[in-house]
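Nothing in this text is a laboratory measurement; each read-out follows from the coordinates by a stated rule. Quick caveat: nothing in here was measured; it's all calculated off a predicted structure. Cβ atoms come from the backbone with ideal geometry, glycine included; neighbour counts cover every protein chain shown.
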């Protein structure tokens, strides 16, 4: 007896899932789940939210959101990614419904904070998805090495560490922070 064909999940299917401890994303119609990433990850992501949000709010540049916000990067099959931290320009945010299940389109800035369980090909795929969908800038933050890889292109990341200044030039000209500040306690 043959098994029934599996059909790709949609954005609507994703948001009908029951709440539990896992974080979900939808990649080309397939459900991907991750366990909660841990304390160091949460501390670093929280620090990035605080630093980024202070600048964004001071200049009215847009909105900073956390991994609770999904971004529809592709439809049919649906890809919905939820970066650890994201920035959306104000004009784009105001053009959408505040109570929508997910943000239509990519974030302007996506931040992925690595956790010990992340595999390099998994992070590479996320960066590729964001950039292909139109994200301007992706930061991949490594709490273990205390480095940030900054992507505007998939093949030419810039590596920042220590006293190097992390910026988001064309998105947030006012934003600049020493990389070490992201990892400080």
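Suppose R0 equals 25 Å. What FRET efficiency, 1/(1 + (r/R0)^6) with r the Cβ-Cβ distance, do residue 99 and residue 23 give to the nearest 0.05?
On the way: r = 21 Å, r/R0 = 0.83.
Working from the Cβ atoms, E equals 0.75.
How far is helix 39-59 tilted off the main Cα axis of the chain, in degrees rounded to 10, range 0 to 90?
Approximately 70 degrees, to the nearest 10.
Determine the principal axes of the Cα atoms in the stretch 45-99, then give the extent along each, sorted from largest to smallest and rounded to whole angstroms.
38, 25, 16
Taking R0 as 22 Å, what FRET efficiency do you get between residue 122 and residue 7 from their Cβ-Cβ distance, rounded to the nearest 0.05?
Values: r = 24 Å, r/R0 = 1.08.
For residue 122 and residue 7, the calculated efficiency is 0.40.
Under the 0.36 nm per residue contour assumption, what length would be gained going from the current alpha-carbon distance of residue 59 and residue 91 to full extension?
Residue separation times 0.36 nm, minus the Cα-Cα distance, leaves 10.2 nm.
If Rh is defined by the Kirkwood formula over all Cα pairs and Rg also comes from Cα, what ratio Rg/Rh do you get for the stretch 1-105? Let's see the in-between values first.
Working: Rg = 16.0 Å, Rh = 15.3 Å.
That ratio equals 1.04.
At 1.306 mPa s and 10 °C, plugging the Kirkwood radius over alpha-carbon pairs of the chain into Stokes-Einstein gives what diffusion coefficient in µm²/s? All intermediate terms of the calculation are to be shown ahead of the outcome.
Working: Rh = 17.1 Å.
Estimated diffusion coefficient is 93 µm²/s.
For an R0 of 22 angstrom, estimate the FRET efficiency from the Cβ-Cβ distance between residue 185 and residue 66 and round to the nearest 0.05. Show your work: numbers first, answer last.
On the way: r = 20 Å, r/R0 = 0.90.
Here the calculated transfer efficiency is 0.65.
So what's the angle, to the nearest 10 degrees on a 0 to 90 scale, between helix 120-133 and the longest Cα principal axis of the chain?
Value to nearest ten degrees: 90.
Give me the one-decimal nm value for the distance between modelled label points at residue 76 and residue 152, 7 Å along each residue's Cα-to-Cβ direction.
Using points 7 Å along Cα→Cβ, the separation is 3.4 nm.
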